[in-house]
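My questions all concern the structure below.
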Amino acid sequence: MGQADQAPAPRARTRGKQPRSNPTPKAGRNLPAAVVVGLAMLFAVLGGLLFLPLAFVAVTTAFAVFGVWEIYRALEANGTRMPIVPVMTGTVAMPFVAYFGGIESLLFGMLLSSVAVLLWRSIESAAGSANSIFAGVFTLGWVPFFISFAALPLHATGGASPLGLWPGGTIPEGAWQIAVMLLLVVSNDTFGYLVGASLGKHPMAPKISPKKSWEGFAGSVGGAMLIGILACLFILDKPWWVGVVLAVGTVAASTAGDLAESMVKRELGVKDMSSILPGHGGVMDRLDSIVFASPVVFVLYGLVAGA
């Protein structure tokens, strides 16, 4: 029984000050817990990326698996049963396929997984088959396919063969590319939260995400541009304007991903995909930006790689 269902306790007649409840943060989440969990995830991902590449792919796959499971549970609660076996099989396979085989193998993995969804659903009852197939293919494209672009730079730099540490202890450019992308996503969230919580007055999409403001978006762009310029000068050894391009692309993609997930949650009637991450909600509530940013940064970096 929640607090709203309980009868209020009688007030004690005291002359002292009444106890005050803890104020709810303007952003609507437990900020200390969110910071601790966010830093822990960031360190785990960066640690694997820079020192044990296959561990990074495994962590990425684990996040994708949890994200797909959350979507499956949310859809099932709304009457749509996604073919979870072929979808989960494709989810586990695609990041590793991208790491070892490259973009052609990833595209083939996405195609094969989609066909598996269709065949799997064809042997079940016809009722609701269209919604089920659409949900399966949509989820495959939304989560494992998009997030697998975070593993592609490791293959593109020729570093997809080692099963242990990077050969010679030298971290390839592709790993730094992914690290910068993650830093830009974190910058987008951090600066957008700080500016939006203090100055946000004009909602960006009030019917989808009322707390996302244009002021917060401007803060995300400014903060990410600063981090992007510094990262290109001191990490990637690229001209400063490359950092601006990557930052703007990352913020645009991250914002689109956030709004897309908010739209899906509103359609499904849920506030968070789950409560597995304290202060964050579900795994998809953290992956929403990364899944859109990964392919965008991969393409942009390929276009400006020769700068």
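The values are calculated or read from the model by the stated rules, or taken from the named source; none is laboratory data. Please read these numbers as outputs of a predicted model, since none were measured by experiment. Note: ideal-geometry Cβ built from the backbone for every residue, glycine included; neighbour counts use all protein chains shown. These accessible areas exclude ligands, DNA and RNA; they are computed on the full protein's heavy atoms, side chains included. Shrake-Rupley method; radii C 1.70, N 1.55, O 1.52, S 1.80 Å.
Which of the residues belonging to segment 119-144 are in contact with a helix residue (DSSP H, G or I) (Cβ under 6 Å, 6 or more places away or on another chain) and open to solvent by 30 Å² or more (accessible area, probe 1.4 Å)?
Of the residues in segment 119-144, the ones in contact with a helix residue (DSSP H, G or I) (Cβ under 6 Å, 6 or more places away or on another chain) are 120-121, 129, 132-133, 135-137, 139-140, 143-144.
Across segment 119-144, the qualifying residues are Trp120, Ser129, Ile133, Val137.
Here's a follow-up. Filter segment 79-95 down to the residues that are open to solvent by less than 40 Å² (accessible area, probe 1.4 Å) and among the β-branched types (Val, Ile, Thr), then identify the one that is nearest to Thr60 (Cα to Cα).
Thr91
Search segment 242-261 for residues that are more than 12 Å from Ile290 (Cα to Cα) and pair each with any residue that is among the polar types (S, T, N, Q) and surrounded by fewer than 24 Cβ atoms within 10 Å (Cβ to Cβ) when their beta-carbon atoms are under 7 Å apart and the residues are at least 6 apart or on different chains.
If the second residue must be among the polar types (S, T, N, Q) and surrounded by fewer than 24 Cβ atoms within 10 Å (Cβ to Cβ), the pairs left are Leu259/Ser209.
Report whether or not Ala98 is open to solvent by less than 60 Å² (accessible area, probe 1.4 Å), small (Gly, Ala, Ser) and modelled with pLDDT of 90 or more. Show your work before the answer.
Values: open to solvent by less than 60 Å² (accessible area, probe 1.4 Å): yes; small (Gly, Ala, Ser): yes; modelled with pLDDT of 90 or more: yes.
In short, yes.
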